[in-house]
């Protein structure tokens with residue numbers, strides 16, 4: 001039954017001239033497509049060289065992971081299941097239809113000519129082929145319709161192209177919208193015309209029985225037949241429809257490299273090249289400085305080929321834009337616009353054919369800086385200094401763009417140009433001279449230990465099991481010092497063999513590096529590695545997630561390779577070992593704020609939650625938690641800069657988020673900077689009677705019986721009464 | 001315009017200062033040194049003037065063992081040349097320093113010599129005037145807003161007096177100026193550059209006499225005695241007044 005008659009005739013009704021014309025146009029379209037790719041490749045070849053391969057084994061594993069993520073749409077689905085589902089529908093619909101067309105081309109133009117006896121487009125193959133393509137066509141069209149609905153009706157803030165750094169009047173991004181609509185609409189028309197061509201064909205062929213395996217076409221054919229199209233009528237209509245569909249398809253192929261459609265090719269590659277250490281381990285300054293000796297990413301030519309590919313990969317999905325704490329607090333930075341500005345600049349400066357509808361917009365072309373320098377020019381100093389390096393953009397990006405290393409690279413140039421605010425300059429000078437940003441004598445670093453009944457071992461003199469790297473804020477900040485002493489007491493209570501470097505320790509340099517002060521980072525890291533190398537210990541522990549990041553991911557490259565733990569990881573281990581015991585379960589509702597450098601950089605989210613469980617706290621999650629946490633605004637050196645120009649500090653937005661949780665009294669965190677930031681934010685928002693900011697250790701100390709619990713806040717509590725009295729007196 | 005800047009380092013006040021065993025000097029063994037703030041202003045003014053009028057900036061520091069870092073920082077900020085002067089075990093008194101600098105300046109072309117108006121570790125503000133005297137050049141101290149006149153023959157400078165009165169002075173060049181502050185915050189020297197320059201930069205060296213002698217001898221140095229602390233009087237005006245009267249009475253300063 002499924003014999004050679006079960007097929008359809010390719011190019012049926014087309015004259016030999018018509019067929020020739022089709023092949024000429026197809027060749028032209030494919031030529032334009034490859035020319036477009038060549039132009040893109042030439043652009044990447046202009047980028048600075050960067051080794052993205054390292055070891056082949058690691059590279060292949062990473063590439064497979066990236067391609068797997070692209071195939072499964074995991075990064076698109078993350079936190080947006082609607083977009084994830086329908087994007088996958090469009091993508092797989094398109095991919096299968098494309099493969100189908102490719103198979104037909106192989107059968108017709110290769111097998112049919114070279115070895116006609118192997119011609120396979122008939123019988124069972126034809127039936128299955130018809131069915132699969134018919135089904136996936138529907139999947140694609142449904143996906144496109146849902147995405148069109150999402151854009152038109154769902155009012156997603158991430159799809160608002162408004163800029164945070166430019167007045168609306170000076171921004172014209174209607175071209176972006178036209179480009180988006182053209183892309184989506186083109187695919188939709190392609191899909192729909194495909195079905196119409198099929199339906200008309202089936203109707204005119206008088207409904208061969210096996211065409212029921214193309215159900216959509218079959219039903220459409222019936223509808224057309226009812227309208228009088230069928231049998232031998234209107235062969236011109238069929239031809240015209242066929243040509244319409246063919247021209248749309250050939251045009252689309254040519255359009256791909258010059259449009260948003262490029263992401264179909266570029267983004268799987270970009271995901272495959274994604275570095276798992278992006279932002280976590282920043283690149284060292286290039287060994288070969290440019291001819292004029294400038295440092296950092298100052299000009300377009302300083303960006304690497306991978307960064308140029310990053311910029312081209314952006315689909316303007318806006319997930320980074322809505323995740324960014326700078327953009328959310330009114331700072332003139334949006335990771336999306338930074339990437340788009342750089343892309344437009346690269347395309348304009350190097351006369352690359354830019355994606356249609358993206359030319360001539362915004363500041364990239366508007367302020368006469370085209371062709372000038374990028375860091376401090378096209379991307380202004382205030383924009384670059386706004387970044388908290390919280391990594392939310394990199395984490396949210398579905399296509400593997402690495403914003404933070406690019407921003408830090410440009411900051412290196414700002415430091416080189418001396419474009420930094422006086423407060424930051426003072427902090428860096430203090431760090432260079434005294435090893436801390438507080439301007440305190442480095443010799444007083446361990447002064448916080450003075451209040452302890454049991455002194456803390458000097459790890460430079462005695463071998464210890466655990467080397468506790470205390471960090472700047474834990475050592476010098478008055479609010480944090482209390483928590484630091486509690487850490488010491490809890491460790492002592494658990495009979496932990498630990499010691500500190502005392503005045504031998506200096507700032508670990510994580511945020512110094514992210515400010516862009518690479519030389520100072522090297523100086524601090526070399527000093528600390530020198531001190532640590534002289535001490536005898538098995539593992540390092542720190543309360544500071546920033547220190548944790550640089551010691552875990554960056555020190556090894558500088559010769560300091562140790563096993564580094566966050567204290568939350570050590571605490572839960574001590575609980576499990578029975579060395580810490582909950583004497584008085586906390587029994588109240590708390591929320592936990594994931595520090596960016598703990599949750600996103602080091603991916604530690606479970607340990608602090610387990611500690612809270614171990615001490616009998618009832619954890620209520622904030623809407624944004626774990627890897628989706630929201631920054632306090634202090635990272636990347638922001639804590640050394642003025643934040644008074646912000647509309648609403650990220651930390652204030654965050655405590656409001658926590659205050660909306662019913663019955664939650666404690667805002668718990670596990671980062672010294674968070675403790676200071678959120679303590680200030682609770683005061684600034686007037687939530688003092690509602691929330692108390694606590695370090696994890698403060699609750700552990702209470703639960704293990706080491707410290708006396710402070711009264712809970714609340715309308716009737718003494719704490720609130722005292723706060724109210726203070727407010728009246730003040 | 002050939003600009004020369006005279007600089008030195010002073011103790012970092014972040015440290016707790018200690019007196020050494022002799023009781024006449026600071027304990028310098030572990031001391032952290034920073035560039036004298038006013039010298040930093042002088043350098044910034046020099047760099048600004050060079051960027052306006054062209055020419056070059058030469059930085060001079062007495063070679064006391066730590067001059068390399070100081071001068072590398074100057075170069076990192078954009079100075080054109082760095083010269084170490086003489087050879088000293090420690091920072092000498094102002095007369096000796098001025099004589100050494102004057103000797104060095106005899107071999108360094110200069111249209112304008114800038115130095116910080118004073119330093120926190122001697123507070124005599126003498127180096128500028130003494131250098132000027134040695135070189136027989138005009139001198140103005142405590143200046144701001146330096147502007148080079150046409151042809152580079154003279155400069156106008158501001159001196160700010162008490163009560164906010166500002167005088168504008170014109171001084172013939174070459175001259176020596178003691179700088180009070182710079183028009184902008186002194187620029188930052190990226191540590192990458194400083195470190196690179198400490199390894200690679202070629203610094204000049206000029207021999208200079210190491211004796212000059214101010215005729216002054218430090219007989220003793222001491223930290224201020226810490227008092228027992230202050231009692232803060234709080235509450236309403238009446239309560240404060242009552243407590244005040246009570247205290248005065250306790251001390252026998254009030255009768256009846």
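The values are calculated or read from the model by the stated rules, or taken from the named source; none is laboratory data. Predicted model, so just to flag it, every value in this text is computed and none were measured. A quick note on method: Cβ atoms are made from the backbone with ideal geometry, for glycine too, and the neighbour counts reach across all protein chains shown.
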For this session: Please work out if residue B:44 is modelled with pLDDT under 90 and within 22 Å of residue A:433 (Cβ to Cβ).
Result: no
For this session: Mind telling me which of the residues A:386, A:437 ends up being more than 10 Å from chain B (Cβ to nearest Cβ), in contact with a helix residue (DSSP H, G or I) (Cβ under 9 Å, 6 or more places away or on another chain), surrounded by 21 or more Cβ atoms within 10 Å (Cβ to Cβ) and more than 16 Å from residue A:321 (Cα to Cα)?
Result: A:437
Problem set entry | Wholly enclosed helices (runs of 4 or more DSSP H) of the stretch A:235-352 bearing at least 1 residues modelled with pLDDT of 90 or more and within 19 Å of the chain's Cα centre (by Cα) | A:263-272, A:305-313, A:319-323, A:325-328, A:335-349
Exercise. What are the residues in the stretch B:95-139 that are assigned to a helix (DSSP H, G or I), in contact with a strand residue (DSSP E or B) (Cβ under 6 Å, 6 or more places away or on another chain) and more than 15 Å from residue B:7 (Cα to Cα), if any?
Worked result: B:132
Seminar exercise, completed: Considering the stretch A:36-78, residues that are without any contact (Cβ under 8 Å) to a residue 24 or more places away in the chain and touching a helix residue (DSSP H, G or I) at 6+ places or on another chain (Cβ under 6 Å), and then whichever is surrounded by the fewest Cβ atoms within 10 Å (Cβ to Cβ), we arrive at A:53
Exercise. Do we find that residue B:65 is closer than 21 Å to residue B:189 by Cβ, within 14 Å of chain A (Cβ to nearest Cβ) and either over 16 Å from the mean Cα position of the chain (by Cα) or in contact (Cβ under 8 Å) with a residue 60 or more places away in the chain (or both) in this structure?
Worked result: no
Exercise. Counting residues that are farther than 30 Å from residue A:492 by Cα and in contact with a helix residue (DSSP H, G or I) (Cβ under 8 Å, 6 or more places away or on another chain), which helices (runs of 4 or more DSSP H) fully inside the stretch A:618-706 reach at least 2?
Worked result: A:650-659, A:672-684
Exercise. Would you call residue A:416 farther than 30 Å from residue A:73 by Cα, more than 10 Å from chain B (Cβ to nearest Cβ) and touching a residue at least 12 places away in the same chain (Cβ under 8 Å)?
Worked result: no
Seminar exercise, completed: Checked the stretch B:33-59 for anything buried (at least 18 other Cβ atoms within 10 Å of the Cβ) and within 12 Å of chain A (Cβ to nearest Cβ); matches are B:33, B:34, B:35, B:40, B:44, B:47
Exercise. Which of the residues spanning the stretch A:4-27 are surrounded by 13 or more Cβ atoms within 10 Å (Cβ to Cβ) and over 30 Å from residue A:212 (Cα atoms)?
Worked result: A:21, A:25, A:26
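Got a sec? Which helices (runs of 4 or more DSSP H) wholly within the stretch A:492-594 have at least 3 residues that are surrounded by fewer than 16 Cβ atoms within 10 Å (Cβ to Cβ)?
Correct list: A:518-534.
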Seminar exercise, completed: Taking the stretch B:1-27 and keeping only residues that are more than 11 Å from every other protein chain (Cβ to nearest Cβ), part of a loop (DSSP other than H, G, I, E, B) and either buried (at least 17 other Cβ atoms within 10 Å of the Cβ) or touching a helix residue (DSSP H, G or I) at 6+ places or on another chain (Cβ under 6 Å) (or both), one is left with B:1, B:8
Problem set entry | Hits in the stretch A:194-228 - residues which are out of contact with any helix residue (DSSP H, G or I) (no Cβ under 6 Å at 6 or more places or on another chain), in a loop (DSSP other than H, G, I, E, B) and at pLDDT 90 or above | A:207, A:208
For this session: Being touching a helix residue (DSSP H, G or I) at 6+ places or on another chain (Cβ under 6 Å), closer than 29 Å to residue B:191 by Cβ, surrounded by fewer than 21 Cβ atoms within 10 Å (Cβ to Cβ) and outside the structural domain of residue A:642 (by TED's automatic domain parsing) narrows it down to one of A:332, A:325, A:283, A:290, so name that one.
Result: A:332
Problem set entry | Given (1) touching a helix residue (DSSP H, G or I) at 6+ places or on another chain (Cβ under 6 Å); (2) within 14 Å of chain B (Cβ to nearest Cβ), index of the condition residue A:409 fails | (1)
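Hey, among the residues in the stretch B:30-85 that are in a loop (DSSP other than H, G, I, E, B) and out of contact with any strand residue (DSSP E or B) (no Cβ under 6 Å at 6 or more places or on another chain), which one's nearest to residue B:131 (Cα to Cα)? Working first, answer last.
As a first pass, look at the stretch B:30-85 and keep what is in a loop (DSSP other than H, G, I, E, B): B:30-32, B:36, B:54-55, B:63-66, B:78-80.
After this cut, where a residue has to be out of contact with any strand residue (DSSP E or B) (no Cβ under 6 Å at 6 or more places or on another chain) as well, the list is B:30, B:32, B:54, B:64-65, B:78.
Values: B:30: 31, B:32: 27, B:54: 24, B:64: 19, B:65: 22, B:78: 25 Å.
Among those residues, the one meeting the criterion is B:64.
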Exercise. Any residue at all in the stretch A:15-35 that is closer than 24 Å to residue A:310 by Cα and touching a helix residue (DSSP H, G or I) at 6+ places or on another chain (Cβ under 6 Å)?
Worked result: yes
Exercise. Among B:208, B:175, B:201, which is within 14 Å of chain A (Cβ to nearest Cβ) and in contact with a strand residue (DSSP E or B) (Cβ under 8 Å, 6 or more places away or on another chain)?
Worked result: B:201
